[in-house]
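A.B. asks: Below you'll find the structure I mean.
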Amino acid sequence: MKRYKPTTPSRRQTSSVEVRKFVTVSEPLKSLTRGFRRANGRNNTGRITTRHKGGGHKRLYREIDFVYNKLNVPFTVKTIEYDPNRSGFIGLVAYKDGERRYVLLHKSAKVGEVYIVSETAPLTAGNRLPLKNIPVGTFVYNVELKPRGGAKIARSGGNYVEVSAKDGGYVDLKMPSSEIRKVLETAWASIGEVSNDENRLTNLGKAGRSRWLGIRPTVRGTAMNPVDHPHGGGEGRQGRGRRRAISIYGKPTGKGQKSRRTKKYSNKHIVRRRKVGNK
């Protein structure tokens, strides 16, 4: 981590990952990039469904391979690169047949290392196997929820999932949230942990750096007027005036309020819900 001298009030607490110590090139491969417009929290009709998003620096999207559909073909790491669209580092890899792709790298990946996607691959970091061939207690990342559906779980910097049990065609996975969930044993996963585990120690230091990332300010409901929020208004500083906090739309929120649908199709796959608060 890089810490800064307190030349200004915001610099006093700023910290960031020293990306230049890890990456080997500064420009991505042009054929694997494309421009894109971010949704900025809006759905297909243009309505805001996620607040506090918008603006931010223009980004170039890197096409990352999360499906890994080239089986039994070794690939070599050619570069380690920074990706503005995710917290982990990515690498340009070259397959033995000449094809090049971007993949998400594990924590200790180095240029020149060779990995393989195979049912009989060795249990070394970076290789990819079906969950049924991975021993209990192993840390994995880039985990599929459905076989050959592409990696969906444990993709952010420093994240991993632990293989905790196997039973009846399913594998129990302990998620980063402490939830234990069943996934079909024919789903694939990569061995290891996602790179850039120092990312969680980053301190933005000032409001402007949040705006560069496309994060807009979060205003408290009690600081608003009654017309803008159910918690707004009152003479001086008032409490919210109700037992449970509610959102700007009037729905219960926070304070341990559960928001998951009670009849969601995937409930049967959850062995243990995540721990919330100090429980």
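A.B. asks: Step through the residues of the range 192-197 one at a time and calculate ³J(HN,Hα) from phi using the Karplus curve (6.51 cos²θ - 1.76 cosθ + 1.60, θ = phi - 60°), rounding each to whole Hz and writing x for Gly and Pro.
C.D. replies: x, 10, 5, 5, 6, 6
A.B. asks: Label Thr50 and Ser26 with points 7 Å out from Cα along Cα→Cβ: what is the distance between them in nm?
C.D. replies: Here the answer is 3.1 nm between the modelled labels.
A.B. asks: If you don't mind, another one. Quote the charge dipole size of the chain about the Cα centre in Debye, to the nearest 20; the model charges only the Cβ of Lys and Arg (+1) and of Asp and Glu (-1).
C.D. replies: Using only the charged Cβ atoms, the result is roughly 1720 debye.
A.B. asks: Now for a separate question. With labels modelled as points extended 7 Å from the Cα through the Cβ direction, what inter-label distance (nm, one decimal) is found for Leu201 paired with Lys166?
C.D. replies: Label-label distance for Leu201 and Lys166, simple model: 3.6 nm.
A.B. asks: Once R0 is set to 41 Å, what does the formula 1/(1 + (r/R0)^6) return for the Cβ-Cβ distance between Lys2 and Lys263, expressed as a FRET efficiency to the nearest 0.05?
C.D. replies: 0.30
A.B. asks: Going by amide H atoms built from the backbone, whose H comes under 5 Å of the H on Lys152, apart from near neighbours?
C.D. replies: Val143, Glu144, Leu145
A.B. asks: Between the range 9-41 and the range 143-202, what is the C-alpha centre distance in whole Å?
C.D. replies: Distance between centres, Cα-based: 25 Å.
A.B. asks: Ok, one more. Tell me whether the range 49-199 comes out rounded, prolate or oblate; compute the Cα gyration tensor, take square roots of the eigenvalues as a ≥ b ≥ c, and use a/c under 1.5 as the rounded threshold.
C.D. replies: Oblate shape, in that a/c is at least 1.5 and b/c is the bigger or equal ratio.
A.B. asks: Out of the trypsin sites (Lys or Arg not before Pro) in the range 34-111, which ones are loop residues according to DSSP with at most 15 other C-beta atoms within 10 Å?
C.D. replies: For trypsin sites (Lys or Arg not before Pro) across the range 34-111 that sit outside H, G, I, E and B with at most 15 neighbouring Cβ atoms in 10 Å, the list reads Arg37, Arg38, Arg47, Arg51, Lys58, Arg59, Lys96, Lys110.
A.B. asks: Continuing with the same structure: Subtracting the Cα-Cα distance from 0.36 nm times the residue separation, let me have the gained length for Glu119 to Val73 in nm, one decimal.
C.D. replies: Contour length minus Cα-Cα distance gives 15.4 nm.
A.B. asks: Still on this structure: Hey, rough spin-label estimate for Tyr95 and Asp228, points 7 angstrom out along Cα→Cβ, what's it come to in nanometres?
C.D. replies: Spacing of the two 7 Å Cα→Cβ label points: 5.3 nm.
We did not get these values from a lab; they are worked out from the coordinates using the rules stated. Quick caveat: nothing in here was measured; it's all calculated off a predicted structure. Glycine gets a Cβ as well: all are built from the backbone with ideal geometry, and neighbour counts include every protein chain shown.
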